[in-house]
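Sharing a structure below in structure tokens format, with a few things to ask.
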Amino acid sequence: MAAAYDVIIIGGGIVGSMIARFLSRFQLKILLIEKRADIGSVTSAANTALIHPGYNAVTGSLKAKMNLIANPMWTQLAQELQFSFDRCGDYVVAVGQDELQKLESLFERGKRNGVLGMNRISGEEMRRREPLINPNVSGALFAETGGMCDPFGATLAAAEHAVLNGVEIRTNTRFEDFVIEDNRVIAVRTNQGDFACRWAINAAGLYSDVIMHKAGVRLEFKVTPRKGEYLILDRAEFELKSVYFPVPTNVSKGILATATVHGNTILGPTARVQDEREDKSNTAAGLEEVLSGGKKLIPNVNTRHVIAMFAGLRAAGNAPCETPGVDYQHDFIIEIPSQVNGFVNIGGIESPGLTSSPAIALRVIDLLRDAGEKLVEKKEWNPNRPARPCFRHMNDAQRRQLIEKDARYGRVICRCENVTEGEIVAEIHAPVPATNYDAIKRRTWLGTGRCQGGFDMTRVTDILARELDRSPLSITKKGRKSELLERPTKIPRERYED
Ligand SMILES: Cc1cc2nc3c(=O)[nH]c(=O)nc-3n(C[C@H](O)[C@H](O)[C@H](O)COP(=O)(O)OP(=O)(O)OC[C@H]3O[C@@H](n4cnc5c(N)ncnc54)[C@H](O)[C@@H]3O)c2cc1C
């Protein structure tokens, strides 16, 4: 067996990374395995990025409970881990008289859930606060505890903090099965060999059902992916002040229009059920729906403002709420199941899973304690993780100082987003290293502007090859089978052998 751990976390999204960060406080040997080439590249990188106040979740559900506990935690987390977060509040906007009634029921649900700082505002006040809003707005619900963050940045920061506090992360390491002896998980079998453990934690998002079934747990539980498509609008053309939801439908919160911490506006998401767990393609019908939904809130949006599109998949489950009297079939699962020992089972973490992730981590700690695990705090645990320099957020004096120390910060690689060679090199050698183009993009925001990587991609490939001491031909966009280059251009195809 390769090595022995106290805890193995399966999946490096926001949930696995937050668990790693909070558990790193204790004297435990922890391994996080992630099957992809980078952490946080699945649902935690493709969502609306909102920290929800908690008025949407069904009263009495575990979702509502986790949302309410986690929401206030984000202020301190963002300070300690230094990722982008803005507690800007959010609005649910009613258009026309009929929708006002629905605002009232959301307000009442929010109060039942214990959401503080909600108030109703008039259509006139809404128009004053956001001049681009539909002039037919009849009223809005404002929740001051709403916020927005960089969800990948939060995932990376949590994972990196865990590494700084002794957690080991192995990417390209796919869980395949459990080794179970005397009804206890004793090891995790992966494509990189077996790793012994006392506890295995399922944080595998869209595959959480597959993993719990391997442990013989909740065989009736099924993840049904629900796709959400988005449009990203050009920052230079269009800027909103805050987060604007329509009144919700029965299946989703509807198509919203929101500012982001990066300054762009996004519209979306749709909510379409599909069988495929890997298909994140955009569709003509989906984008049409996003645009018309966006126009309902912000009528002067048009296709000329669009610079990019993306989609994410919600890991929607079918777990019934366990609170007596609450009839709800899509709750979170966070449990130590009775069928097998040494296994913490998490599943169905759809929205508000990003918001809830720090509370999910705390609940896992409680479950471990309740199961008799002696969690001894490390004396030297430091809650802080320093951010690396971000050139575009600096003033001229700070930039000069940085370039004097390291001239690579004076070489701009991405002109749209002002990202320098120094920043790229720092990410390649960071505690959770970036080893492909998309990993650099998610960390630095390079390639996300108007040219969408047209200018920087060859240069980043060159820097990755140099820093990793590899052939440029081996550099990929997002891991195995996505190589960016085919062959050297000066060698004809028929004479080239790789
Ligand atoms: C369209 C959309 C909008 C959303 N908006 C919001 C929002 O605004 N606010 C909010 O709070 N929530 C939102 N959510 C929900 C939120 O994004 C998710 O709940 C959260 O990101 C889930 O994180 P996770 O770590 O469970 O899953 P993931 O981020 O998917 O991470 C799971 C990880 O497990 C890895 N994995 C899977 N199988 C294996 C295996 N066999 N071996 C090793 N690793 C494995 C995967 O590669 C992945 O990296 C939204 C979701 C979507 C799709």
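The values are calculated or read from the model by the stated rules, or taken from the named source; none is laboratory data. On a predicted model such as this, the values are computed, not experimentally measured, just so you know. FYI the Cβ positions are ideal-geometry reconstructions off the backbone, even for glycines, and counts take in every protein chain you see. Remember, those area values only see protein heavy atoms, side chains included, never the ligands or the DNA or RNA. Shrake-Rupley method; radii C 1.70, N 1.55, O 1.52, S 1.80 Å.
Identify, please: which residue in region 443-482 is among the hydroxyl-bearing types (Ser, Thr, Tyr) and in a loop (DSSP other than H, G, I, E, B) and is, among those, farthest from Ala157 (Cα to Cα)? Before you say what the answer is, go through the steps one by one.
Initially, region 443-482 is screened for residues among the hydroxyl-bearing types (Ser, Thr, Tyr), giving 444, 448, 458, 461, 471, 474, 476, 482.
Next cut, in a loop (DSSP other than H, G, I, E, B) only: 448, 471, 482.
On the way: Thr448: 20, Ser471: 29, Ser482: 26 Å.
Once the filter is applied, the top-ranked residue is Ser471.
Exactly one of these conditions fails for Pro225: (1) surrounded by fewer than 19 Cβ atoms within 10 Å (Cβ to Cβ); (2) within 19 Å of the chain's Cα centre (by Cα). Give me its number.
(1)
For Cys416, all conditions in the list (1) in contact with a Lys or Arg (Cβ under 8 Å, 6 or more places away or on another chain); (2) within 16 Å of the ligand (Cβ to nearest atom); (3) assigned to a loop (DSSP other than H, G, I, E, B) hold save one; what is the number of the exception?
If we test Cys416 against (1) in contact with a Lys or Arg (Cβ under 8 Å, 6 or more places away or on another chain); (2) within 16 Å of the ligand (Cβ to nearest atom); (3) assigned to a loop (DSSP other than H, G, I, E, B), just (2) comes out false.
Further, regarding this structure: Specify the residue that is modelled with the highest pLDDT; the eligible residues are those in region 226-245 that are out of contact with any Leu (no Cβ under 7 Å at 6 or more places or on another chain) and part of a loop (DSSP other than H, G, I, E, B).
Top of the filtered list is Ser242.
Identify, from the list Asn191, Asn183, the residue that is within 16 Å of the ligand (Cβ to nearest atom), open to solvent by 10 Å² or more (accessible area, probe 1.4 Å) and under 25 Å from Tyr5 (Cα atoms).
Details: Asn183 fails: within 16 Å of the ligand (Cβ to nearest atom).
Answer to the check: Asn191.
Here's a follow-up. Check region 233-242 and report whether any residue there is under 28 Å from Gly317 (Cβ atoms) and of a type outside the set (Phe, Trp, Tyr). Break it down into steps so the answer makes sense when it comes.
Restricting attention to region 233-242, the residues satisfying the condition of being under 28 Å from Gly317 (Cβ atoms) are none.
Checked against the condition, which is being under 28 Å from Gly317 (Cβ atoms) and of a type outside the set (Phe, Trp, Tyr), region 233-242 yields no hits at all.
With the requirement that a residue be more than 12 Å from the ligand (Cβ to nearest atom) and either of a type in the set (A, V, I, L, M) or part of a loop (DSSP other than H, G, I, E, B) (or both), what does region 63-74 give you?
Step one: list which residues in region 63-74 are more than 12 Å from the ligand (Cβ to nearest atom), which gives 64-65, 68-69, 72-73.
Result: Ala64, Leu68, Ile69, Pro72, Met73.
Okay, next question. Counting residues that are surrounded by 21 or more Cβ atoms within 10 Å (Cβ to Cβ) and within 14 Å of the ligand (Cβ to nearest atom), which strands (runs of 3 or more DSSP E) fully inside region 75-180 reach at least 3? Lay out the reasoning, then the answer.
On the way: elements: 90-95, 118-122, 137-143, 147-149, 168-170.
It comes to 147-149.
Ok, one more. Collect the residues in region 42-62 that are part of a loop (DSSP other than H, G, I, E, B), within 7 Å of the ligand (Cβ to nearest atom) and more than 8 Å from the chain's Cα centre (by Cα), keeping them in residue-number order.
Within region 42-62, the first condition is being part of a loop (DSSP other than H, G, I, E, B), and the residues that meet it are 42, 46-49, 52-61.
Those still in the list that are within 7 Å of the ligand (Cβ to nearest atom) too: 42, 46-49, 52.
Selection gives Thr48, His52.
Open to solvent by less than 50 Å² (accessible area, probe 1.4 Å), farther than 30 Å from Asn183 by Cβ and in contact with a Gly (Cβ under 7 Å, 6 or more places away or on another chain), is that true of Tyr409?
Values: open to solvent by less than 50 Å² (accessible area, probe 1.4 Å): yes; farther than 30 Å from Asn183 by Cβ: yes; in contact with a Gly (Cβ under 7 Å, 6 or more places away or on another chain): yes.
Yes; evaluated as a whole, the condition is true for this residue.
Name, by its number, the condition in (1) at pLDDT below 95; (2) closer than 21 Å to Ile14 by Cβ that does not hold for Arg392.
Exception for Arg392: condition (2).
Suppose we filter region 432-464 for residues that are open to solvent by 10 Å² or more (accessible area, probe 1.4 Å) and of a type in the set (Gly, Ala, Ser); how many remain?
Count: 1.
Val223 versus (1) farther than 21 Å from Asn341 by Cα; (2) touching a helix residue (DSSP H, G or I) at 6+ places or on another chain (Cβ under 7 Å); (3) away from the ligand (no atom under 12 Å from the Cβ): which is the lone unmet condition?
(3)
Open to solvent by less than 70 Å² (accessible area, probe 1.4 Å), within 22 Å of Ala159 (Cα to Cα) and within 12 Å of the ligand (Cβ to nearest atom) - does that describe any residue in region 375-396?
Within region 375-396 (the criterion being open to solvent by less than 70 Å² (accessible area, probe 1.4 Å), within 22 Å of Ala159 (Cα to Cα) and within 12 Å of the ligand (Cβ to nearest atom)), the answer is no, since none of the residues qualifies.
On to the next question. Has region 2-11 got any residue that is in contact with a strand residue (DSSP E or B) (Cβ under 9 Å, 6 or more places away or on another chain), more than 11 Å from the ligand (Cβ to nearest atom), touching a residue at least 12 places away in the same chain (Cβ under 8 Å) and part of a loop (DSSP other than H, G, I, E, B)?
Restricting attention to region 2-11, the residues satisfying the condition of being in contact with a strand residue (DSSP E or B) (Cβ under 9 Å, 6 or more places away or on another chain) are 2-11.
Pick out the ones that are also more than 11 Å from the ligand (Cβ to nearest atom) and you get 2-7.
Subset that is touching a residue at least 12 places away in the same chain (Cβ under 8 Å): 2-7.
From what is left, the residues that are part of a loop (DSSP other than H, G, I, E, B) are 2-3.
Looking through region 2-11, at least one residue is in contact with a strand residue (DSSP E or B) (Cβ under 9 Å, 6 or more places away or on another chain), more than 11 Å from the ligand (Cβ to nearest atom), touching a residue at least 12 places away in the same chain (Cβ under 8 Å) and part of a loop (DSSP other than H, G, I, E, B).
Output the residues belonging to region 465-498 that are basic (Lys, Arg) and surrounded by 12 or more Cβ atoms within 10 Å (Cβ to Cβ). Don't jump to the end; show me each part of the working.
Restricting attention to region 465-498, the residues satisfying the condition of being basic (Lys, Arg) are 466, 470, 477-478, 480-481, 487, 490, 493, 495.
Residues satisfying the conditions are Arg466, Arg470, Lys477, Lys478, Arg487.
Where residues in region 412-431 are at pLDDT below 95 and open to solvent by 40 Å² or more (accessible area, probe 1.4 Å), which of them is nearest to Trp74 (Cα to Cα)?
Among them, the one singled out is Asn418.
May I ask you to list pairs of residues, at least six apart or on different chains, whose Cβ atoms are under 6 Å apart, with the first in region 196-218 being aromatic (Phe, Trp, Tyr) and the second being more than 7 Å from the ligand (Cβ to nearest atom)?
Correct list of pairs: Trp199/Val7; Trp199/Gly342.
In region 22-39, how many residues are in a loop (DSSP other than H, G, I, E, B) and near the ligand (Cβ under 6 Å from one of its atoms)? So that I can check it myself, show each step before the final result.
Narrowing region 22-39 to residues in a loop (DSSP other than H, G, I, E, B): 24-25, 27-29, 34-39.
Next, from what is left, pick out any that are near the ligand (Cβ under 6 Å from one of its atoms): 34-36.
Matching residues across region 22-39 total 3.
Please name all residue pairs, on different chains or six or more residues apart, with Cβ atoms under 6 Å, provided the first residue is in region 86-112 and is closer than 23 Å to Pro299 by Cα and the second residue is open to solvent by 70 Å² or more (accessible area, probe 1.4 Å).
Hits for this filter: Gly89/Glu144; Val95/Asn136.
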